[in-house]
Amino acid sequence: MKKLLEYFQIFSDPTRLKLLKLLSVRPVCVCDLVSALNLSQPAVSNQLRKLRKTGLVSVQRRSHWNFYYLNSEGLNDFIKEFKFFWEQDPDNMTGIEEEWKTFYEMLKSKELKECESVNIETEGYEEG
């Protein structure tokens, strides 16, 4: 779950999301990203460094310029990590053991009292 949290921290910043979208079009040098985002070069470089650290963005040096681009392998790693989290049995997850145990006991004993009057469509969910 730690790696997935790192991804969500990256995605929680609007500047990093904008950078990811811009880089999805084609490789771009920092100077063009600075102009497009109307931010300082150090600010853009700092965000690119964070994106590179997660593997979502890569860089290639061409002459005197660094061109940044979206790393499809990094995106695939995020998708795999998210899919693994989503499909994982909560009984086997690390970092949520106590919460799952408490919630599961509440489901078994029907202790979700505050929500009894709410009628919500639950198609696709299994009854505990």
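With R₀ set to 41 Å, the beta-carbon distance separating E105 from V25 gives a calculated FRET efficiency near 0.25. Contact order, relative form, for the chain: 22 percent (alpha carbon pairs under 8 Å, 6 or more residues apart, mean separation divided by residue count).
A crude spin-label estimate for the pair D89 and S12, with each label 7 Å from Cα along the Cβ direction, gives 3.1 nm. Take the convex hull of the alpha carbons in region 1-112; its mean projected area over all directions comes to 9.0 nm².
All of the numbers you see were taken from the coordinates with simple rules; none came from a lab. If you're wondering where the values come from, they're calculated on a predicted model, not measured in any experiment. A quick note on method: Cβ atoms are made from the backbone with ideal geometry, for glycine too, and the neighbour counts reach across all protein chains shown.
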